Amino acid sequence: MDKTLPNGIHVTMITPFTDDNRIDYAGVEGLLQWYADHQVDGIFALCQSSEIFFLSFEEKLQLLRFIVKNKPKGLSLIASGHTADDILTQQREAAAIAQEGIDAYVFISNRFATEDEDDRTFLRNAKEVADSIAGFPLGIYECPYPYKRLLSPQVLTSLLDIGDFQFLKDTSCSVEQMQAKLVAMQGTKFKLFNANSATLLESLLIGAHGFSGVMANFHPELYQALMGAFHTDMEKAQRIQDVIGCLSLVENQIYPTNAKYYLGTLERLGFGYHTRSRDPGAFTRNRQLEIEQMWALTQTWKNRENAQIP
């Protein structure tokens, strides 16, 4: 397959649930359209934001099939899903998901080695799983759960010998580390998508290809406006950066519960904020008010900037 993922905003898709703990497919359909209306370039499905460590493999496949069937035209679709500990099961999971009509399969970096195992073990296991979907476009995600395994430039270079890697979701939060990775990626199809809001503008200025973080579930149009401004209007780009960097503090609140409240209630998509990964009871009224005030501030900013976004 000769595909190249687009630059821009790849939103980490959440999974709406019903109050009785099933996937809310009406909510999923509305969310897909909301992403399209709010100018994302691509969707990262079956990621940590999707609560994949709390979905059965059958649920993951059914959810992905629904997303593929209902995805608005023009959006790229990448997905992960190999949450098992053993490599043989990961091979089966990756092969099953890759054949469902996605543009690239994204590996989770901490699945290939335990925290105390070295990069040789990581690369050996990565090759075994990659070989199960040989020739398919690939990505890799430095997922923080159950532990964060950051990738060195040397490991990234070695991954290019293993498969057609095109997507890195970087969670280092370090411009210096991202710059070193970008040097290693130079001249290849491998692209770096920053997951950290505070460093986004700095990372774009050194060559990062876009954003793939949880805050695109709140106001992706602000991120798209930053992507459009940083080459042509640095004053505007810095104003946007100041806003998104500050608002991104809600990542440390109770995510993805707060994103579901923002989308389902404030954006009127009609789903609740039940989650499997967090206790919804911890989303107390003061936390709801923080999200309501962030939503209001977002609307004020958009109206004042007149940025021609929804």
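Here the stretch 144-191 is the region considered, the condition is being in contact (Cβ under 8 Å) with a residue 60 or more places away in the chain and within 19 Å of G8 (Cβ to Cβ), and the residue that is surrounded by the fewest Cβ atoms within 10 Å (Cβ to Cβ) is K189. If you scan the stretch 56-80, which residues turn out to be touching a strand residue (DSSP E or B) at 6+ places or on another chain (Cβ under 8 Å) and assigned to a loop (DSSP other than H, G, I, E, B)? K71, L75, S80, listed by residue number. Looking at (1) outside any helix (DSSP H, G or I); (2) among the hydroxyl-bearing types (S, T, Y); (3) surrounded by fewer than 17 Cβ atoms within 10 Å (Cβ to Cβ), can you tell me which one Y255 breaks? The one condition Y255 does not meet is (3). Scanning the stretch 151-161 for residues that are in contact with a strand residue (DSSP E or B) (Cβ under 8 Å, 6 or more places away or on another chain) and farther than 22 Å from T199 by Cβ turns up just one, L159. Considering (1) modelled with pLDDT under 95; (2) touching a His at 6+ places or on another chain (Cβ under 6 Å); (3) among the aliphatic types (A, V, I, L, M), the lone condition that A94 does not fulfil carries the number (1).
When the stretch 205-219 is filtered for residues that are touching a strand residue (DSSP E or B) at 6+ places or on another chain (Cβ under 6 Å) and either surrounded by fewer than 24 Cβ atoms within 10 Å (Cβ to Cβ) or on the phi > 0 side of the Ramachandran plot (or both), the ones remaining, listed by number, are H209, G210, V214.
The numbered conditions (1) in a loop (DSSP other than H, G, I, E, B); (2) touching a Pro at 6+ places or on another chain (Cβ under 7 Å); (3) of a type in the set (A, V, I, L, M) are all true for A134 except (2).
The values are calculated or read from the model by the stated rules, or taken from the named source; none is laboratory data. None of the values given here were measured: they were computed from a predicted structure. Here Cβ is always computed from backbone atoms with ideal geometry, including for glycine, and neighbour counts include all displayed protein chains.
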